[in-house]
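The values are calculated or read from the model by the stated rules, or taken from the named source; none is laboratory data. This one's a predicted model, so the numbers in the text were calculated from it and none came from an experiment. Positions of Cβ are generated from backbone atoms using ideal geometry, with glycine treated the same way; all protein chains shown enter the neighbour counts. Ligands, DNA and RNA are excluded from the accessible area calculation, which covers all protein heavy atoms including side chains. Shrake-Rupley method; radii C 1.70, N 1.55, O 1.52, S 1.80 Å.
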Amino acid sequence: LPVLTRREAIENRESLCSTSVDRRTLRLAATSGTTGFPVSVYWDEGVTVMNNACLWRARGWGGVGFGRPYATLMGREIVPSRQMVAPYWRTNSSWNQLLLSSYHLDESTAGTYVAAMRERGVESLEAYPSAAYLLARYMEQKSMSLPLSAVFTSSEPLLPVQRELIEERFECRVFDAYGQAERVAFAAECDRHEGLHVFGETTVVEVVDEEGRAV
């Protein structure tokens, strides 16, 4: 298969979609834009199911099972951007999940996030490395901690200094993962922390050079 660039995917999204599916059954998902510009792609039900299977396998490697209370702090607004006071979160009761708005997180609001997680008995956190690190820095400044069973990071490069402080202040290991909204690859870190496992059920990863040749 030839290389499909992000720009090609953006410019040809509709024509790339199969004509054999009902568009009304599809979900439009967008990337975070961390590579420079966001890409929107269609997900069908199979992609959603596969995505959840990958996520819960990765969480299982961190000792976290479905139904246990956890918090999500990713690239989502959650509450209106004009809102200037807490709460900056909502609850997904069916998943026992606390949804935290990354758009309202800064040094002045970090304390309310930590308090909300503590009050709701959150046992694990999935977050952008930068967001988890901001919470960890806040707790370091306040000489406090929030013990969790695991922190799951993705969507940004995880720096060693971030991993160290996050693990120190949340008193647990960090499990990093790699994926994209395009769902062309997924890889995650297990409890050995020696690199990321490619989830071979979902994708074939091929390394190529600048000319698209396999290396």
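Here are the numbers:
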read-out: Among the candidates GLU167, GLU194, GLU171, GLU189, residue that is open to solvent by 50 Å² or more (accessible area, probe 1.4 Å) and on the phi < 0 side of the Ramachandran plot; value: GLU194
read-out: Matching residues in the range 125-164 - criterion: being open to solvent by less than 50 Å² (accessible area, probe 1.4 Å) and touching a Cys at 6+ places or on another chain (Cβ under 8 Å); value: LEU148, ALA150, VAL151
read-out: Any hit, the range 67-75, residues being modelled with pLDDT of 85 or more and among the charged types (D, E, K, R); value: yes
read-out: ARG163 modelled with pLDDT of 95 or more, of a type in the set (Lys, Arg) and over 18 Å from LEU55 (Cα atoms); value: yes
read-out: Test: residue in the range 99-120 that is under 28 Å from GLY67 (Cβ atoms), modelled with pLDDT under 95, assigned to a loop (DSSP other than H, G, I, E, B) and touching a Lys or Arg at 6+ places or on another chain (Cβ under 8 Å); value: yes
read-out: Odd one out for CYS54 among (1) touching a Phe, Trp or Tyr at 6+ places or on another chain (Cβ under 7 Å); (2) surrounded by fewer than 11 Cβ atoms within 10 Å (Cβ to Cβ); value: (2)
read-out: Spans of strands (runs of 3 or more DSSP E) in the range 124-215 with at least 2 residues within 17 Å of SER102 (Cα to Cα); value: 124-127, 150-153
read-out: Identity of the residue in the range 168-198, in contact (Cβ under 8 Å) with a residue 60 or more places away in the chain and among the acidic types (Asp, Glu), that ends up nearest to ALA132 (Cα to Cα); value: GLU189
read-out: Flag for THR91 being hydroxyl-bearing (Ser, Thr, Tyr), touching a Pro at 6+ places or on another chain (Cβ under 8 Å) and outside any loop (DSSP other than H, G, I, E, B); value: no
read-out: Where GLU164 falls short, out of the listed (1) under 15 Å from PRO129 (Cβ atoms); (2) in contact (Cβ under 8 Å) with a residue 24 or more places away in the chain; value: (2)
read-out: Whichever residue in the range 24-36 is surrounded by 10 or more Cβ atoms within 10 Å (Cβ to Cβ) and either in contact with a Cys (Cβ under 7 Å, 6 or more places away or on another chain) or assigned to a loop (DSSP other than H, G, I, E, B) (or both) and, among such residues, is modelled with the highest pLDDT; value: LEU26
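The rows are residues; the columns are (1) outside any loop (DSSP other than H, G, I, E, B); (2) among the acidic types (Asp, Glu); (3) surrounded by 11 or more Cβ atoms within 10 Å (Cβ to Cβ).
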{"site": "ILE10", "(1), (2), (3)": "yes, no, yes"}
{"site": "TYR42", "(1), (2), (3)": "yes, no, yes"}
{"site": "GLY60", "(1), (2), (3)": "yes, no, yes"}
{"site": "GLY75", "(1), (2), (3)": "no, no, yes"}
{"site": "SER81", "(1), (2), (3)": "no, no, no"}
